[in-house]
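First up is the structure itself, then whatever we jot down about it.
Derivation of every value follows stated rules applied to the coordinates shown; laboratory data play no part. Note that the coordinates shown come from a computational prediction; the quantities given were computed from them, not determined experimentally. Note: ideal-geometry Cβ built from the backbone for every residue, glycine included; neighbour counts use all protein chains shown.
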Amino acid sequence: MAIRIAPDKDQPSVAIEIPLEKPLPDYDLEQIEQPTPRDIDGLLVSQGFRDLGDDARGVLTDLVANPPPLPNHSHFLDLELTTIPDFEIAQLTGAICPSEDEVYRPGLWIVLNDRKAPGKHSLGEVALEHARLIAQELVKRLGI
């Protein structure tokens, strides 16, 4: 299962869904695949998931303040469109993530808003690439 990134239409924000793909014993999240969304509710209110959310907020706050650079091979550098978005965390909460194999997993739901972008406009490619890199680095640092 992959990170899902969904830019908001006519808004300078992006939603990011990160499903948990493996058990996280450090957070007491062992049985992450469940047959119904109702079964995921119990995981989302557990102390372990709250701890994961707190850790995710800390890491995400750092990543928003100090975003990872675009890769050197990025086509954005060739176009000189390297303006770094000024993201703020608009939302960070638990999510019920359906999978292709008809099970549900808990996950993180994140909404990032670009404070520098004009309102009533969707995020551009550069901002979306930065959001993708932030999400990938979050997954890496949390080990999820």
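With +1 on each Lys and Arg Cβ and -1 on each Asp and Glu Cβ, how big is the dipole of the chain about its Cα centre, in debye rounded to the nearest 20? Walk me through the intermediate numbers first.
Details: 13 positive and 25 negative charges, 69 e Å.
Charge dipole of the chain: 340 debye, to the nearest 20.
What full-extension length gain, to one decimal in nm, is calculated for Arg132 and Arg38 as 0.36 nm per residue of separation minus the Cα-Cα distance? The partial results should precede the final answer.
Working: separation 94, 0.36 × 94 = 33.84 nm, distance 2.92 nm.
Taking 0.36 nm per residue and subtracting the Cα distance, the gain is 30.9 nm.
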Contact order relative to length of the range 4-142, as percent, for alpha carbon pairs under 8 angstrom and 6 or more apart: 39 percent
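Assuming R0 = 35 Å, what is the FRET efficiency of Glu88 and Ser46, from their Cβ-Cβ distance, to the nearest 0.05?
On the way: r = 28 Å, r/R0 = 0.79.
The pair Glu88/Ser46 has a calculated efficiency of 0.80.
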Excluding residues on the same chain fewer than 8 positions from Lys116, give the lysines whose Cα lies under 29 Å from its Cα. Lys9, Lys140
So, with points 7 Å from each Cα along the Cβ direction, the Glu30-Thr61 label distance in nm works out to 3.2 nm
